[in-house]
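Rule-based calculations on the coordinates, nothing more; no lab input. Since the model is a prediction, treat every value here as computed from it, not as a measurement.
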Amino acid sequence: MTTATIGAADFPAAVSAPGIVLVDFRTSRSGSSRAFTAVFDQAAARHPDLRFTAVDTEAEAALAAELGVRSAPTLRVYRDGVLVFAEPGWIPADSLDLLVETIRALDMPAVRALYPEPID
């Protein structure tokens, strides 16, 4: 599986999809972001059942600001439309794989019970 680039227009649909969606907020200006891009793209090949996506923070500055992304790389992970992880910084491959396994093991009914959706 490859990493798909997404933008503000398709971000809501991408992260609300069933399953696990990883979003790498990246920029070509940062050495650590470029290094994490390689780790992230390799993880996509190891976990073909998951959706790996990337947002270019330079092209999508308004989206990054709206989500509170202040540096690249920043990784956000959604499971069944729920944000379950959000951290800036470069993550080593073994830690990324451990994160994926931890998110796979989440008890989503319990997560939803603890963090119900806000009422509009």
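Based on Cα atoms of region 1-61, Rg over Rh with Rh as the Kirkwood radius reads 0.96.
Taking θ as phi - 60° and the Karplus parameters 6.51, -1.76 and 1.60, the scalar couplings of region 80-94 work out to 6, x, 10, 5, 10, 7, 7, 8, x, x, 6, 10, x, 4, 5 Hz in sequence order, x denoting glycine and proline. Using the Karplus relation 6.51 cos²θ - 1.76 cosθ + 1.60 with θ = phi - 60°, the per-residue 3J(HN,Hα) values for region 46-59 come to 6, 10, x, 7, 9, 9, 9, 10, 9, 10, 7, 5, 6, 6 Hz, with x marking Gly and Pro.
Summary value for the chain: 31 percent relative contact order, contacts being C-alpha pairs under 8 angstrom separated by 6+ residues.
Per residue, the convex hull spanned by the Cα atoms of the chain measures out at 105 cubic angstrom.
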